[in-house]
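Note sheet for the following structure.
The values are calculated or read from the model by the stated rules, or taken from the named source; none is laboratory data. Note that the coordinates shown come from a computational prediction; the quantities given were computed from them, not determined experimentally. Every residue, glycine among them, receives a Cβ derived from its backbone with ideal geometry; neighbour counts consider all protein chains shown. Just so you know, the surface numbers come from the protein's heavy atoms only, side chains and all, with ligands and any DNA or RNA stripped out. Shrake-Rupley method; radii C 1.70, N 1.55, O 1.52, S 1.80 Å.
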Amino acid sequence: PPLPDLGTQPLWSTQTGAFTANNLLAKGIHLAQYAILAALFYLPLNGNARAWVTAFVLASLYGASDEWHQSFVATRQGSLNDWLIDSASALGALALLFAVQQLKRSRLDAKVSIEPEV
């Protein structure tokens, strides 16, 4: 479950010191965080197309709630662009998971089809 990742998000969204010094690092961590979050939402639901959509919607809603939370922090502000980036990161992670699953499935199908029947 994504609980450990969810628990650290409010901490990161209130930081103003070290992360503003290196914005590129902060954005990279943020992208990775939402990619991992989407994967953590998807993996327990593993199965049909509804699992993909559910994982994306949950990660995207969490990104929206993070931006809303930032609007209450004096040194931060909520941003539609940041929410879109969070959602795109979640979508990218899910697309990568889908591609990996399809590759594994096709390799398994190929392996099964070339084995001689007994």
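May I ask you to list the residues in region 29-73 that are open to solvent by less than 70 Å² (accessible area, probe 1.4 Å) and either farther than 17 Å from L91 by Cβ or of a type in the set (K, R) (or both)? The answer is I29, G47, S65, H69, Q70, S71, V73.
In region 43-91, what residues are among the hydroxyl-bearing types (S, T, Y) and more than 27 Å from Q101 (Cβ to Cβ)?
Going residue by residue through region 43-91, those that are among the hydroxyl-bearing types (S, T, Y) are 54, 60, 62, 65, 71, 75, 79, 87, 89.
Hits for region 43-91 are S65, S71, T75, S79.
Once region 81-118 is narrowed to residues that are open to solvent by 70 Å² or more (accessible area, probe 1.4 Å) and among the acidic types (D, E), the residue that is modelled with the lowest pLDDT is E115. Whenever a residue of region 43-63 is over 22 Å from W83 (Cα atoms), its partners that are part of a helix (DSSP H, G or I) and open to solvent by less than 70 Å² (accessible area, probe 1.4 Å), lying with C-beta atoms within less than 7 angstrom and at least six residues away or across chains, give the pairs L45/A51; L45/T54; L45/A55.
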